[in-house]
Amino acid sequence: MDHPLIDLISAKIAEAEKNGEFDNLPGAGKPLPRLKDPENALLRRVMEENGAEPEFITLSRELTRLREELRETGDRTRRTEIMKEMSMMDARIALARQGWKG
C-alpha cells in the first residue's frame, strides 16, 4: 500500500526539480559515502544533528556515576544497593547496545 500522501510528495519533488532546487547541491556528481550501518544512517544523522545520543551512552554515564559513588561510600547496605544497580545497569547497557547496531 502506498503512502496516502505519495501523490503530493511526488508533485512537490517534481516541482522542486523543475525549479532547479536540486541543482548544485553539495556533493553533486560524487559517489555516496560508504556507510558502516546503512539501515540506521538516517537515524544516526538526525540524532547527531539534534544533539541526541544513543541510550547506551546515557546509561554508561550513569554506570560511571554509580562506580564513583561506590568508591566513595563506606555504608555496607548502600554499597550492596549500588552493586545491584550496577549489575542491572550492565544488563540494560547490553540490551541497548544490541538494539543499536553499530
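Bear in mind these aren't lab numbers, they're just calculated from the coordinates by the rules spelled out. Note that the structure is a prediction, hence the values are computed from the model and not measured. Cβ atoms come from the backbone with ideal geometry, glycine included; neighbour counts cover every protein chain shown.
General observations
- Sparsely packed loop sites in segment 38-102 (the trypsin sites (Lys or Arg not before Pro) outside DSSP H, G, I, E and B with at most 12 other Cβ atoms within 10 Å) comprise 101.
- Crossing angle, helix 76-99 versus the chain [Cα axis fit, 0-90 degrees, rounded to tens]: 20 degrees
- Modelled spin labels at residue 50 and residue 68, positioned 7 Å past Cα toward Cβ, are 2.8 nm from each other.
- Size estimate for the chain follows the Kirkwood approach: the inverse of mean 1/r over distinct Cα pairs works out to 18.3 Å.
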